[in-house]
Structure formats: C-alpha cells, structure tokens
Amino acid sequence: MSRMDHQRNAIGKPPIVTYNNVEKCYGDFTALNGVTAEVNRGEVVCLIGPSGSGKSTLLRCTNALEQINGGEIIFDGAPLPKGENNVRLVRRRMGMVFQSFELFPHMTAIENINCAPVTVLGMPKREAEELSYSLLKKVGLVEKAHSYPSMLSGGQQQRIAIARALAMGPEVMLFDEPTSALDPETVGEVLSVMSDLAGEGMTMIVVTHEMSFARRVSDWIMVFDKGRVIEEGRPDNIFKHPTEGRTKEFLRHVGVEV
Amino acid sequence: MNLDWSIVWEYRWAFLFGVMNTVLLAVVTMLVAIPGGIVIMLMRNSPVRALRGIATVYVETFRATPLILLVYWIFYVMPRFGVHLPPFLTGVVALSLIVSAYNSETFRAGVNSIRKGQSDAGLALGMSKWQLQVKVILPQALRRVLPAFSNTWVSLFKDTSLVSVIAVSELSYVSLQARAESFRIFEILTAMAAIYWCLGYPQAKLVDWLNRKYEVKE
Ligand SMILES: Nc1ncnc2c1ncn2[C@@H]1O[C@H](COP(=O)(O)OP(=O)(O)OP(=O)(O)O)[C@@H](O)[C@H]1O
Ligand SMILES: [Mg+2]
C-alpha cells in the first residue's frame with residue numbers, strides 16, 4: 001500500500017474528498033464497511049468492482065443523498081455538514097450524473113441546464129442562457145437546445161445531463177455508471193465528453209464498467225468488494241499486476257486478461 | 001306528435017337559473033375537493049401511522065358510498081343529531097366528501113408515479129425540498145393526473161343532477177319541475193339534454209386540448 005501511496009503523491013495535488021472509515025447500513029445490511037480513501041483535486045478516480053459492492057452507495061454518500069452511519073467524509077477540508085441548508089451548499093459544488101440520466105422530462109434541453117443556476121443560484125435568466133449555450137456547445141448539442149428529452153437518444157440525454165451538472169460550476173463530478181443504460185453505439189460520444197472534461201482538469205469520481213475508459217482516462221483506480229476498497233492504485237498497476245485475488249477474479253469476470 | 005318548442009323559451013329563466021346552480025355546485029365542490037384531496041393525499045403518504053389510517057378509512061368509505069345515499073343521509077338523518085343543512089349546502093358537502101376521496105387517489109397516483117431518481121437529480125443540483133416540489137415533482141405530477149382529474153370533473157358536473165332529489169334548484173330539478181307543470185315532456189327533456197351537452201362538450205374539448213398540450217413523454 002505504501003508503495004502505491006508514494007506513487008500517487010507524486011501527482012502532487014491536495015485532497016478534495018477524504019473518506020475516513022465510512023460506514024453505511026441499510027437496516028442490518030452493511031453496504032459500506034469502513035471505506036478509507038482519498039480523491040485529490042484534478043484527479044479522475046474510477047471505482048470498479050462487482051455488483052452490490054457499494055460503489056453507488058459511496059457516491060450517494062459523497063453528496064449526502066444518503067446519510068452515513070459511521071466514520072466521516074471530508075469535502076474541501078470540512079466534514080459533510082448536517083442540516084438541509086448546509087448540505088445544499090455542499091451539493092452545489094458537486095455535480096452528479098446518473099445511470100438513467102434523470103433529465104426533467106417537462107423541460108427542454110436548455111431549460112434542464114439553466115433550471116438549477118436560475119432557481120438555486122439566482123443567476124439572471126440571460127446569463128444562464130448564455131452559460132447553457134456554451135455548455136451545449138461543449139457537449140456538441142447546440143442544435144438540440146429546444147428539444148425535449150423524449151426526442152433525444154440516450155447518448156444525447158446523457159450529454160445534456162452532464163451539461164446540466166456542469167452548469168452549477170462544480171468542483172467535483174460524480175458519475176454513476178453513466179454509460180450502462182446506453183445503446184453500444186452511443187457509449188462513445190458520452191465517454192468522449194467525459195475524457196474532454198478530464199483533460200480540462202475536472203476532478204471526477206466515476207463508477208464504471210467501461211474498463212478501457214478506466215484504464216485510459218483515470219489517474220487512480222479503487223477496487224470495491226463487499227463494501228470495502230480492497231485494492232487501489234494506478235491503472236497500469238491494477239490492470240497488469242493486481243495483488244488481490246478478488247481483484248483478479250473481478251477483472252477476469254469483465255473480460256480483462258491479467 | 002305536435003311539438004311546441006315555445007314552451008322551452010317560456011321556461012328560459014328557470015333553465016338559466018338551473019344552469020347557474022349546476023355550475024355553482026360543481027365549481028364550489030371542486031374548490032373544496034382540490035385542497036381536500038391534497039390534504040388526504042398528504043395524510044396517506046405521511047410517515048405518521050394514525051394519519052395514514054384515518055385517511056385510508058376515509059377514502060375507502062367515501063369511494064364506495066353512492067352519492068344519492070350520502071345526500072339522503074345528510075339531509076334526513078343528520079338533523080336527528082342536531083345538524084340541519086339547507087339543500088344546496090347538503091349537495092356541496094355530499095359531493096365534496098366523495099370527490100375529495102377521488103381526488104386524493106388521483107393526486108397520490110400522480111405524485112407516487114414520479115421516480116425517486118427525479119428527486120435525487122433535483123437534490124443533487126442543490127435544490128431545496130420546496131424548489132424540488134415546485135420545479136420538478138408537481139409539474140410532472142399535475143400533467144400525469146390531468147386526464148384522471150378531468151374525468152372526475154366531467155363526472156362531477158353530471159352527478160350534480162343527483163342532488164335534485166332534495167330539491168336543489170339545479171338544472172335537472174328545474175327541468176323536471178318545468179316538465180311537471182307543462183306536461184311537455186319531450187320538448188323539456190330534449191332542451192335539458194341539449195343544455196347539458198352544450199355545457200359538457202366544450203369542457204371535454206378543453207380537456208383533450210390540455211392533455212395534448214401538457215402530455216409528458218418519457
Ligand atoms: N436503498 C437501499 N435499501 C436497501 N439496500 C440498498 C439500498 N441501496 C443499496 N442497497 C444495497 O447495498 C448494496 C450496495 O449497493 P450499491 O448500489 O452501492 O452497489 P454497486 O456497487 O453500485 O453495484 P452495481 O454495480 O450493481 O450498481 C447492494 O447490496 C444493495 O442491494
Ligand atoms: Mg451502482
């Protein structure tokens with residue numbers, strides 16, 4: 001472990017999210033069983049591991065959609081606050097992208113994007129529209145500004161969802177299997193938007209089953225199993241020289257030769 | 001059969017009065033039954049068990065009660081317990097009790113049909129619970145309940161005729177009175193049907209238009 005930590009510190013970036021022995025239970029089922037990990041500013045961290053190992057749960061605890069039962073999560077130097085108003089202040093600084101897009105179906109693409117800046121940040125409508133257009137350009141969908149989500153393909157919806165999250169100017173982006181619900185032919189366009197984002201230095205925590213993306217884009221990989229991080233390291237190390245038996249098993253299961 | 005349509009004209013003021021009472025009855029009932037339905041819906045979705053229980057009993061009771069029975073009950077039985085309501089108010093109370101039960105079920109289905117992912121998405125953007133309801137949940141829920149709600153409204157409009165049994169002077173009652181006085185059964189009943197149709201048809205068209213305009217596609 002110390003070997004890997006040393007390698008990682010060479011990246012030389014301060015932590016933005018720190019998980020200290022985080023526990024999360026649903027009834028008497030333990031979904032997170034003492035997760036200790038760190039995400040540094042500017043890093044792309046991929047969470048991989050078998051179904052039910054707690055990856056989504058960790059993301060949802062990170063922006064307090066779920067309350068943790070033990071340990072602590074530190075965001076930008078302070079533990080996640082209690083109380084709705086303080087939690088909201090933290091959530092504004094994190095963007096989240098869901099497997100099932102969750103665009104608001106009664107709003108057009110551009111309304112989806114400028115809704116939160118206007119209602120939550122009180123941004124003037126004009127300014128929000130300009131921002132939305134620049135984000136639509138970024139995800140390559142300017143011509144779909146006035147389309148409703150139902151008229152867009154899955155890949156297009158997910159790109160709008162990414163733009164919607166970016167509109168709040170987040171410091172961290174949380175992605176929960178952003179391409180798992182997509183037709184194979186639209187996976188690429190979403191991954192390419194995410195790669196661009198990574199290239200711009202956005203901090204990203206990505207739950208994914210796209211191993212080639214994890215390998216190519218991430219700075220750091222955390223392998224989950226049964227509510228714990230069983231192994232973490234640089235992508236090359238994890239994919240070429242996994243140390244844990246369960247990591248090897250998982251990688252073989254998803255078709256990676258180890 | 002020799003027809004004398006002038007009889008309808010003779011009774012024009014009676015018909016007009018009846019129409020006004022019918023509309024008033026339906027509108028006042030809905031004005032009570034919308035907030036009523038929302039309150040009962042919130043009670044049924046409440047974490048407090050007692051409130052859920054009360055609301056469930058309420059809904060199951062009034063959905064299953066024939067309106068006419070409720071009208072008779074309030075008008076003839078309640079006075080024995082010292083509650084005397086005039087006919088019009090009796091009609092409003094009976095209709096409101098039943099329509100509130102229907103509305104609460106309609107609204108509940110609408111709110112519960114919005115996926116949890118939608119509130120997660122709103123909250124993750126930093127919305128407050130209030131902003132979430134106003135911007136995300138209610139606009140979708142309202143669109144979803146529009147068809148069912150419109151059906152309730154159209155049924156209510158016609159069901160107001162049942163309160164004629166306690167001599168509330170709405171359209172059915174005045175028509176039946178006119179028929180009894182004039183013995184012109186065909187002309188009067190035809191006029192009555194035509195008036196109900198003229199009132200109901202534009203509403204049905206309006207509802208269709210609203211449904212098309214606000215349809216939520218997923
Ligand atoms: N709201 C909930 N209530 C009860 N159990 C839950 C809830 N959410 C998650 N769990 C359980 O917690 C465990 C971890 O779930 P989680 O969604 O974090 O897994 P995951 O690693 O994201 O898996 P997947 O790859 O299938 O998405 C699972 O066993 C799941 O059944
Ligand atoms: Mg998951």
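With respect to the conditions (1) under 29 Å from A:Asp28 (Cα atoms); (2) in a loop (DSSP other than H, G, I, E, B); (3) more than 16 Å from ligand 1 (Cβ to nearest atom), A:His106 lacks only one, and its number is (1).
Yes or no, residue by residue, for (1) surrounded by fewer than 21 Cβ atoms within 10 Å (Cβ to Cβ); (2) within 14 Å of chain A (Cβ to nearest Cβ); (3) of a type in the set (A, V, I, L, M); (4) within 30 Å of A:Leu59 (Cα to Cα):
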{"residue": "B:Leu51", "(1), (2), (3), (4)": "yes, no, yes, no"}
{"residue": "B:Phe75", "(1), (2), (3), (4)": "no, no, no, no"}
{"residue": "B:Phe107", "(1), (2), (3), (4)": "no, no, no, no"}
{"residue": "B:Asn112", "(1), (2), (3), (4)": "yes, no, no, yes"}
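Scanning segment A:78-98 for residues that are facing chain B (nearest Cβ under 9 Å), in a loop (DSSP other than H, G, I, E, B) and of a type outside the set (D, E, K, R) returns a single hit, A:Phe98. Scanning segment A:41-60 for residues that are in a strand (DSSP E or B) and β-branched (Val, Ile, Thr) turns up A:Val44, A:Val45, A:Ile48.
To keep it simple, each residue is scored yes or no on (1) at pLDDT below 95; (2) of a type in the set (Asp, Glu); (3) within 16 Å of ligand 2 (Cβ to nearest atom).
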{"residue": "A:Ala167", "(1), (2), (3)": "no, no, no"}
{"residue": "A:Leu174", "(1), (2), (3)": "no, no, yes"}
{"residue": "A:Thr179", "(1), (2), (3)": "no, no, yes"}
{"residue": "A:Thr186", "(1), (2), (3)": "yes, no, no"}
{"residue": "A:Ser195", "(1), (2), (3)": "no, no, no"}
{"residue": "A:Thr203", "(1), (2), (3)": "no, no, no"}
{"residue": "A:Glu210", "(1), (2), (3)": "yes, yes, yes"}
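Of all residues in segment A:61-75, those satisfying the criterion of being among the hydrophobic types (A, V, I, L, M, F, W, C) and either away from ligand 2 (no atom under 16 Å from the Cβ) or assigned to a strand (DSSP E or B) (or both) are A:Ala64, A:Ile68, A:Ile73, A:Ile74, A:Phe75. Taken over segment A:114-152, the criterion of being assigned to a loop (DSSP other than H, G, I, E, B) and within 14 Å of another protein chain (Cβ to nearest Cβ) is satisfied by A:Val120, A:Leu121, A:Gly122, A:Met123, A:Ser147, A:Tyr148, A:Leu152.
When each of A:Val206, A:Val193, A:Val229, A:Val258 is tested for being farther than 28 Å from A:Met123 by Cβ, among the aliphatic types (A, V, I, L, M) and within 20 Å of the chain's Cα centre (by Cα), the lone residue that passes is A:Val229. Taking the criterion of being crowded, with 16+ Cβ neighbours inside 10 Å and of a type in the set (S, T, N, Q), the only residue of segment A:21-32 that qualifies is A:Thr30. Residues that are of a type in the set (Ser, Thr, Tyr), without any contact (Cβ under 8 Å) to a residue 24 or more places away in the chain and not in a loop (DSSP other than H, G, I, E, B) within segment B:125-159 comprise just one, B:Ser155.
Looking at (1) among the hydrophobic types (A, V, I, L, M, F, W, C); (2) within 16 Å of ligand 1 (Cβ to nearest atom); (3) in a loop (DSSP other than H, G, I, E, B), which one does A:Met168 not meet, given that it meets all the others? Evaluating A:Met168 over (1) among the hydrophobic types (A, V, I, L, M, F, W, C); (2) within 16 Å of ligand 1 (Cβ to nearest atom); (3) in a loop (DSSP other than H, G, I, E, B) leaves (2) as the failure. Taking the numbered list (1) within 14 Å of chain B (Cβ to nearest Cβ); (2) within 16 Å of ligand 2 (Cβ to nearest atom) in turn, A:Cys46 passes all entries but (1). For A:Met107, the criteria (1) within 14 Å of another protein chain (Cβ to nearest Cβ); (2) touching a strand residue (DSSP E or B) at 6+ places or on another chain (Cβ under 8 Å); (3) surrounded by fewer than 22 Cβ atoms within 10 Å (Cβ to Cβ) hold in every case but one, which is (2).
Any residue at all in segment A:136-143 that's among the acidic types (Asp, Glu) and within 23 Å of B:Gln140 (Cβ to Cβ)? The answer is no; no qualifying residue exists. Restricted to helices (runs of 4 or more DSSP H) entirely inside segment B:1-70, those with at least 2 residues that are within 30 Å of B:Gln177 (Cα to Cα) are B:6-10, B:12-44.
The values are calculated or read from the model by the stated rules, or taken from the named source; none is laboratory data. It should be emphasised that the depicted structure is a prediction, and the values quoted were computed from it without experimental measurement. Reconstructed Cβ throughout: ideal geometry from the backbone, glycine too, with neighbour counts over all protein chains shown.
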